[in-house]
Amino acid sequence: MRIRLCLAALSLVGGAGLATASAPAATAAAACTDIDVVAARGTFEPGTLGFIVGDPVYSALKKKITGKSLSSYKVNYPADLSLTSAAQGNTDLVNHVRSQAASCPSQRFILVGYSQGANVVDNSIGISSAGAVVGSPIVATIPAALEPRVSAVLLFGNPIRAIGKSVTGTYQSRTIDFCATGDPVCENGGGDVGAHLGYSANADAAAAFAATKV
C-alpha cells in the first residue's frame, strides 16, 4: 500500500510543482552532441524529462560538465502500472541508444532513471528488474560494443534494491544509485512515502559524479 501511495503521489506532487516552475527544455537528440542524456521518468511523473529527477539532473549536468555539448532524450514509454510498461521503456531506451550511436560515432551517453525509470535503465544494462515493483524481465540490452560509450548511470529510488539487487558487473563503477532512508520503493520495509519524492536534492551530487566519468 505504501508503494502504491508513493507512485500515485508522483502525479499529484509533480502536477502541483509544474504550476509554479518551468522545466528545462529537452533537446531532441538528433544532433551529434558530445553527450546525450537519456532519462526514464518515474511512474506517472510529469515534466519534460521528469519533474522530480530528470529535469533537475539535466540542469545540474549542464552546469557541472563544461566544455562539452549536451542533448537529452525522454524515454518514450507509458510509465504507468501496466504489466508491460517497464518493458516498453526498456525497448525504447535501447533502440534510442543504438540509433544515436550509429548516427553519431563519437557521442557518449549518460543514463538517468527514477523509480520505474530505474527499472527501465537496469534492464537496459542487463540487470533484470523482474520481481521488483513496476519491474519486468529484460527485453533488450545495450550491445556490448556500445557499452564503453555509456559514461555514467544515475539511478534514484531504484526498485530492485528492495529485493536485494543492485547494479553489478560492467557498469558498476559508472553507476551511482540513490535510495533515501525510508523510501518504500527501494528500501525493503521502508515507510516514508515522502522520501521517494525528494530526489531533486540529489541532482547536484549525481551530476558531480557523472562529470568525473565523461
Practice task
From (1) out of contact with any Lys or Arg (no Cβ under 7 Å at 6 or more places or on another chain); (2) at pLDDT 95 or above, pick out the condition that doesn't hold for Thr27.
Solution key: (2)
Problem - Boolean, Ala162 is part of a helix (DSSP H, G or I), in contact with a helix residue (DSSP H, G or I) (Cβ under 6 Å, 6 or more places away or on another chain) and surrounded by 17 or more Cβ atoms within 10 Å (Cβ to Cβ) - result: no
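For every residue, the table says whether it meets (1) in a helix (DSSP H, G or I); (2) over 22 Å from His196 (Cβ atoms); (3) open to solvent by 20 Å² or more (accessible area, probe 1.4 Å).
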residue: Ala31; (1), (2), (3): no, yes, yes
residue: Asp36; (1), (2), (3): no, yes, no
residue: Thr43; (1), (2), (3): no, no, no
residue: Pro46; (1), (2), (3): no, no, yes
residue: Phe51; (1), (2), (3): no, no, yes
residue: Ser59; (1), (2), (3): yes, no, yes
residue: Lys63; (1), (2), (3): yes, yes, yes
residue: Thr66; (1), (2), (3): no, yes, yes
Practice task
Identify all residues within the range 166-199 that are touching a residue at least 40 places away in the same chain (Cβ under 8 Å), surrounded by fewer than 18 Cβ atoms within 10 Å (Cβ to Cβ), closer than 27 Å to Val150 by Cβ and in contact with a helix residue (DSSP H, G or I) (Cβ under 8 Å, 6 or more places away or on another chain); write none if there are none.
Solution key: Thr170
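Conditions tested, residue by residue: (1) surrounded by fewer than 22 Cβ atoms within 10 Å (Cβ to Cβ); (2) touching a strand residue (DSSP E or B) at 6+ places or on another chain (Cβ under 6 Å); (3) more than 18 Å from Lys165 (Cβ to Cβ).
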| site | (1), (2), (3) |
| --- | --- |
| Asn95 | yes, no, yes |
| Ala101 | yes, no, yes |
| Arg108 | yes, yes, yes |
| Leu111 | no, yes, no |
| Ala118 | no, yes, no |
| Ser124 | no, no, no |
| Thr141 | yes, no, no |
| Leu146 | yes, no, yes |
| Ala152 | no, yes, yes |
Problem - Single unsatisfied condition, Ser71 versus (1) under 14 Å from the mean Cα position of the chain (by Cα); (2) crowded, with 21+ Cβ neighbours inside 10 Å - result: (1)
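Here's the yes/no breakdown for (1) over 14 Å from the mean Cα position of the chain (by Cα); (2) under 21 Å from Ser136 (Cβ atoms); (3) charged (D, E, K, R):
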residue	(1), (2), (3)
Asn158	no, yes, no
Ala162	yes, yes, no
Asp183	yes, yes, yes
Ala195	yes, no, no
Gly198	yes, no, no
Ala201	yes, no, no
Ala205	yes, no, no
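The values are calculated or read from the model by the stated rules, or taken from the named source; none is laboratory data. Computed from a predicted model, the values in this text were never measured in an experiment. Backbone-built Cβ (ideal geometry, glycine too); neighbour counts: all protein chains shown. Keep in mind that these areas ignore ligands, DNA and RNA; they rest on the heavy atoms of the full protein, side chains included. Shrake-Rupley method; radii C 1.70, N 1.55, O 1.52, S 1.80 Å.
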